[in-house]
């Protein structure tokens with residue numbers, strides 16, 4: 001009886017099993033990494049129709065392209081992939097709701113590349129996010145943006161005209177420009193909106209970074225708010241629920257898409273880049289195309 005041969009055969013089989021399991025684990029790991037890398041850079045265009053009786057007939061079909069939370073991320077050379085997606089949305093205006101730069105990754109080149117391309121597609125309106133509020137680079141970035149033709153809505157409103165009709169487009173700076181205490185954000189926002197918004201009966205669109213203050217916007221008479229900041233809940237469960245968002249915590253209420261509450265609408269973008277949490281899961285970066293529809 002060849003005992004040594006049997007032991008050697010068993011040892012060989014064990015080694016082969018270990019090697020096969022290790023190889024399988026490595027393959028799964030590689031697939032997950034490749035899928036994750038693709039998902040975090042694969043841009044998506046998300047289309048939404050907002051219906052309201054208050055929308056003027058002339059603005060029926062008017063389209064906003066909503067961009068948020070770039071976080072100093074590059075999508076193609078000189079933002080070519082992002083610009084191509086934006087152009088495909090055929091927007092009447094482009095609205096940007098903050099955090100185009102990132103406090104953890106200094107630099108403004110990617111943001112400026114984006115704005116340089118965006119202004120060639122449609123008029124661009126911009127408000128700040130919390131990262132601009134804490135960045136020493138923001139004053140220089142703003143100066144360069146405005147030279148490119150970007151309109152910065154820093155606690156002010158403008159009139160948009162189409163076919164003789166008008167709507168109001170307003171924008172507010174992020175509360176962090178005034179305070180780092182989150183419990184003061186609502187009162188600060190009420191104060192800003194009281195100063196910015198006019199009671200003129202026009203359909204009113206607000207650009208803001210913060211979706212968690214939707215109730216404040218509705219109280220102020222905003223008809224449609226655009227917001228970002230939530231990064232889509234960062235990790236989205238298969239049935240669509242986000243896991244975590246800044247200033248909303250676990251299982252946040254406002255993370256992506258359209259919300260309608262008491263005669264007010266809000267559209268929240270999942271955004272484009274990442275910041276303190278460097279990856280997304282089931283949560284591709286997006287541009288949102290929002291088309292106004294006159295309700296019957």
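With contacts taken as Cα pairs under 8 Å and at least 6 residues apart, the range 79-161 reaches a relative contact order of 34 percent. Measuring nothing but how far apart in sequence close Cα pairs (under 8 Å, 6+ apart) lie, relative to its length, the chain scores a relative contact order of 26 percent. Computed over the alpha carbons of the range 45-294, Rg followed by Dmax gives 16.6, 46 Å. Cβ crowding within 10 Å, taken as a proxy for footprinting-reagent exposure, orders 212, 39 from fewest neighbours to most as 39, 212. For residue 241 and residue 154, the FRET efficiency from 1/(1 + (r/R0)^6), where r spans their Cβ atoms and R0 equals 35 Å, is about 0.55.
Compute the Cα gyration tensor for the range 68-172, then decide on rounded, prolate or oblate, letting a ≥ b ≥ c be the square roots of its eigenvalues: rounded whenever a/c is under 1.5, prolate when a/b is larger than b/c in the other cases, and oblate in all that remain. Taking the square roots of the gyration eigenvalues as a ≥ b ≥ c, the range 68-172 is oblate.
Secondary structure note: in the range 45-294, about 40% of the DSSP beta bridges are antiparallel. Each residue in 251, 114, 214 was given a count of other beta-carbon atoms within 10 angstrom of its own, and listing them fewest first yields 251, 214, 114. Largest mean-square fluctuation among 67, 222, 25, in a Gaussian network model of the chain whose springs join Cα atoms under 10 Å apart, belongs to 25. Using a Gaussian network model of the chain in which every pair of alpha carbons under 10 angstrom is joined by a spring, one finds that among 140, 102, 223 the greatest mean-square fluctuation is at 140. Taking the Cα-to-Cβ direction at residue 177 and at residue 200 and moving 7 Å from each Cα, how far apart do the two end points lie in nm? Calculated label separation equals 2.1 nm. Our note on the geometry: Cα centres of the range 92-134 and the range 238-284, 19 Å apart.
Among 232, 221, 98, the largest mean-square fluctuation in a Gaussian network model of the chain, built with springs joining Cα atoms closer than 10 Å, belongs to 221. Remark: 135, 68 ranked as 135, 68, counting other beta-carbon atoms within 10 Å and listing the fewest first. Each residue, residue 219 and residue 258, gets one label point 7 Å from its Cα in the Cβ direction; the gap between the two is 2.6 nm. In the chain, helices alone account for a calculated mean residue ellipticity at 222 nm of -9500 deg cm²/dmol, with every DSSP H run of four or more residues adding -39,500 (n - 2.57). Please compute the contact order of the range 40-99 in relative form: average sequence separation of alpha-carbon pairs under 8 Å and at least six residues apart, divided by the residue count, as a percent. Reported as a whole number, the value is 48 percent.
Secondary structure note: in the range 130-276, about 60% of the DSSP beta bridges are antiparallel. Our note on the geometry: Cα centres of the range 155-224 and the range 39-54, 21 Å apart. Between residue 186 and residue 22, the modelled labels are 5.7 nm apart [label points 7 Å from Cα along Cα→Cβ].
Readers should treat all values here as calculations from the given coordinates under stated rules, not as data from a laboratory. Note that the structure is predicted; figures quoted are calculated from it, not measured. All Cβ positions, even for glycine, are placed from backbone atoms using ideal geometry, and neighbour counts span all protein chains on display.
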